[in-house]
Structure formats: structure tokens, C-alpha cells
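Participant: A single structure is presented below for examination.
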Amino acid sequence: MTLATVLAPAGAALLSLAFLAAVFVPLERALPARPAQRVLRAGLAIDALFFAGQYLVWNAVAVHVIDLTRPLLASRLATSLPVPVLVVLAVLLGDLVVYWFHRASHAWEPLWRFHAVHHTATELDWVAAHREHPVDGVLTQVCMNAPAILLGVPPAVLGGIVAFRAVWAVLIHANVRVPLGPLGWLFGSPALHHFHHVKGRAVTHNFANLGPWLDWLFGTHHAPEVGVSGETYPLGVEEPWPRGYLAQLVHPFVLLARSLSAPSRSGAGSPAPSTRARSSSSTRAP
Ligand SMILES: [Zn+2]
């Protein structure tokens with residue numbers, strides 16, 4: 001291992017940090033969805049650690065896992081379709097697979113334990129977008145990219161798709177209120193995704209990754225009403241959750257171990273909070 005291979009992720013992290021900060025800090029100041037939210041908010045340091053962990057460690061793990069799946073998937077359906085057609089198919093099918101993985105993450109307790117980490121953010125901004133358990137993150141990346149690998153999308157093109165998805169994921173978590181206009185037919189807005197993070201209600205809406213069409217198709221689309229003063233509903237999860245970075249990484253495994261060792265007492269196999277709430281909540285479940 002050379003010094004260059006050790007320093008490359010750090011360089012990529014710093015470059016990404018500089019790029020994202022240059023784009024989103026002014027955007028959040030100019031068009032805030034929650035104008036009263038402070039830049040130096042609670043939990044910012046934890047989210048910065050998630051950002052660092054993702055760039056320095058977990059992104060490389062995701063790439064490695066995807067590389068391991070490549071021999072299983074590649075060439076199975078590889079076609080000679082033109083690259084633009086392949087890109088459209090890969091994006092649409094990647095969205096379809098990850099939509100159902102995301103729904104499963106809210107409905108099935110073992111997956112919810114890892115996905116819950118992402119939902120523990122009580123204030124959203126461009127840094128909070130990186131709050132994600134690595135197990136959730138790696139599985140999401142595999143689901144999202146499997147169709148592209150199956151279809152034989154060239155790696156360089158796939159890299160471009162991954163980068164675009166990553167920037168859009170940051171945008172939809174950012175504390176911004178941007179009217180997308182006709183673009184909203186193609187891409188989900190921050191307002192839609194912020195409402196996916198609502199606290200205290202059944203999360204049964206806005207699961208789509210990039211475009212809102214899957215939520216329309218499967219009846220889970222919900223556009224929240226936002227008043228002139230911006231978004232006011234609370235964000236986060238109701239269940240108790242540790243706040244520290246390492247504690248958040250470990251906690252899902254602790255819960256899983258507990259449920260495996262005492263299934264009858266801990267409610268192993270019970271649905272995730274969103275599903276439990278669904279039966280008793282009057283929240284619209286579109
Ligand atoms: Zn979610």
C-alpha cells in the first residue's frame with residue numbers, strides 16, 4: 001500500500017467537502033426550508049463524522065462489495081443498446097429496486113434497525129444527508145447499481161450516474177426550499193423527502209430515490225403543505241436512540257442480538273415502527 005492510496009480517500013473527501021459546501025452553504029442561506037434552523041445546529045459534529053466515515057471508509061467498502069457482485073451480475077443481460085438508452089434503463093430500474101428496498105427497510109424490523117440511523121436526524125441539512133449506517137448504505141448502493149451492472153453499463157458511465165445520485169441525495173436533505181418547476185416531474189424535491197423524515201407519524205410516503213414516479217405508481221406519494229414560514233413539523237424517530245457516532249454504528253447490532261437471544265420478550269420479527277403506527281394513525285398513507 002502506497003502513501004498515495006492512503007491519501008486518495010482523504011483527498012476525495014476534502015474535494016467533495018469543498019464542492020458541497022460551496023454549493024449548499026449559500027443555497028441554504030438564500031432559500032431555507034426552515035429559516036430558524038441554525039447552521040451550527042445540534043448533531044452537526046456527529047453528521048460530520050458520518051461524512052468522514054462515509055468518504056474515508058464506507059464508500060470504499062461499498063465499491064468493493066459491488067465489485068464482488070459484478071461477476072455474478074455482469075454479462076447476464078448485457079446488451080448492445082446505445083449508452084443513452086442503457087443509462088435511462090439503469091436509472092429507472094435502479095430506482096425501482098431501491099424503492100422497494102427502502103420500503104422494506106421501513107417495514108421489516110431487522111432492516112429498520114439500520115435504516116433508523118438515517119432517520120435519527122432531528123434537523124436536516126446537506127451534512128445530515130450523510131448520516132447513514134454503513135450496512136444500510138452498502139445495501140442501498142448494491143440495490144441501486146445492480147441493474148446497471150446487469151445491463152452492462154460501462155464503469156465510467158456508471159460512475160457518472162453514482163455521482164449525480166449522490167449530489168441529488170445531498171440536495172433533497174439540504175435545508176432548502178427550491179421550486180423545481182417542470183423538473184419536479186423527473187426528480188423528487190427536498191420538500192418531498194423532508195416529509196419522509198417526519199417524526200411521530202407512520203412513514204408511509206415518499207420512498208423514491210431520484211424521481212417521484214414510483215411513489216405515484218405505488219400510491220405512496222405525498223406532497224406536504226408548507227406555509228409561508230417554511231416547514232414546521234418535527235423530524236426524527238420516536239424510539240430512544242444513542243447520539244454518538246460509534247454508538248449509532250453499534251446500536252442496530254445490539255438490538256438485533258437482543259431480539260435473537262430473547263425473541264418473545266423483545267418482539268423479534270415485529271414490524272418496524274412505521275408499520276406499527278400505520279394501523280393506528282390517521283396519517284394519510286398515500
Ligand atoms: Zn427512510
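The values are calculated or read from the model by the stated rules, or taken from the named source; none is laboratory data. Being a predicted model, the structure only gives us computed values, none of them experimental. Here Cβ is always computed from backbone atoms with ideal geometry, including for glycine, and neighbour counts include all displayed protein chains.
Participant: Can you find, within region 210-241, the residue that is farthest from residue 252 (Cα to Cα) among those that are in contact with an Asp or Glu (Cβ under 9 Å, 6 or more places away or on another chain) and not in a loop (DSSP other than H, G, I, E, B)?
Facilitator: Ranking the qualifying residues of region 210-241, first place goes to 213.
Participant: Then there is this: What do you reckon, is residue 145 in contact with an Asp or Glu (Cβ under 9 Å, 6 or more places away or on another chain), buried (at least 18 other Cβ atoms within 10 Å of the Cβ) and at pLDDT 90 or above?
Facilitator: Considered against the rule, which asks whether it is in contact with an Asp or Glu (Cβ under 9 Å, 6 or more places away or on another chain), buried (at least 18 other Cβ atoms within 10 Å of the Cβ) and at pLDDT 90 or above, residue 145 comes out as no.
Participant: Being touching a residue at least 60 places away in the same chain (Cβ under 8 Å) and farther than 25 Å from residue 36 by Cα is the filter here, so list the residues in region 216-240 that pass it.
Facilitator: Of everything in region 216-240, those that are touching a residue at least 60 places away in the same chain (Cβ under 8 Å) and farther than 25 Å from residue 36 by Cα turn out to be 218, 219, 220, 221, 239.
Participant: Do you know which residues across region 214-254 are within 29 Å of residue 134 (Cβ to Cβ) and of a type in the set (Phe, Trp, Tyr)?
Facilitator: Passing the criteria: 218, 233, 241, 245, 253.
Participant: Would region 192-201 turn up any residue that is of a type in the set (Gly, Ala, Ser) and without any contact (Cβ under 8 Å) to a residue 12 or more places away in the chain? Break it down stepwise before answering.
Facilitator: In the first step, residues of region 192-201 are kept if they are of a type in the set (Gly, Ala, Ser); the result is 200.
From what's left, without any contact (Cβ under 8 Å) to a residue 12 or more places away in the chain: none.
There is no residue in region 192-201 that is of a type in the set (Gly, Ala, Ser) and without any contact (Cβ under 8 Å) to a residue 12 or more places away in the chain.
Participant: Mind listing whichever residues of region 207-221 are touching a Phe, Trp or Tyr at 6+ places or on another chain (Cβ under 6 Å) and within 13 Å of the ligand (Cβ to nearest atom)?
Facilitator: Scanning region 207-221 gives 207, 208, 220.
Participant: Using beta carbons and a limit of 6 Å, which pairs, at least six apart or on different chains, have the first residue in region 115-133 and closer than 20 Å to residue 16 by Cα and the second one within 10 Å of the ligand (Cβ to nearest atom) and assigned to a helix (DSSP H, G or I)?
Facilitator: Taking only residues 6 or more apart or on different chains, the pairs are 131/118; 132/118.
Participant: Next question. Looking at region 27-52 only, could you name the residues that are touching a helix residue (DSSP H, G or I) at 6+ places or on another chain (Cβ under 7 Å) and part of a helix (DSSP H, G or I)? Break it down stepwise before answering.
Facilitator: Within region 27-52, the first condition is being touching a helix residue (DSSP H, G or I) at 6+ places or on another chain (Cβ under 7 Å), and the residues that meet it are 33, 46-47, 49-52.
46, 47, 49, 50, 51, 52, listed by residue number.
Participant: Return the total of residues in region 7-44 being in contact with a Phe, Trp or Tyr (Cβ under 9 Å, 6 or more places away or on another chain) and surrounded by 13 or more Cβ atoms within 10 Å (Cβ to Cβ).
Facilitator: Within region 7-44, residues that are in contact with a Phe, Trp or Tyr (Cβ under 9 Å, 6 or more places away or on another chain) and surrounded by 13 or more Cβ atoms within 10 Å (Cβ to Cβ) number 11.
Participant: Under 18 Å from residue 118 (Cβ atoms) and within 18 Å of the chain's Cα centre (by Cα): does that describe residue 63?
Facilitator: Spelling it out, it is not the case that residue 63 is under 18 Å from residue 118 (Cβ atoms) and within 18 Å of the chain's Cα centre (by Cα).
Participant: Looking at region 194-206, which of the residues that are closer than 20 Å to residue 96 by Cβ and in contact with a Phe, Trp or Tyr (Cβ under 8 Å, 6 or more places away or on another chain) is nearest to the ligand (Cβ to nearest atom)?
Facilitator: 196
Participant: I'm checking my understanding of the structure. Among residues of region 227-236 that are touching a His at 6+ places or on another chain (Cβ under 9 Å) and surrounded by fewer than 21 Cβ atoms within 10 Å (Cβ to Cβ), which one is modelled with the lowest pLDDT? Working first, answer last.
Facilitator: Initial filter on region 227-236 (touching a His at 6+ places or on another chain (Cβ under 9 Å)): 231, 233, 235-236.
Subset that is surrounded by fewer than 21 Cβ atoms within 10 Å (Cβ to Cβ): 233, 235-236.
Working: 233: 89, 235: 94, 236: 93.
Among those residues, the one meeting the criterion is 233.
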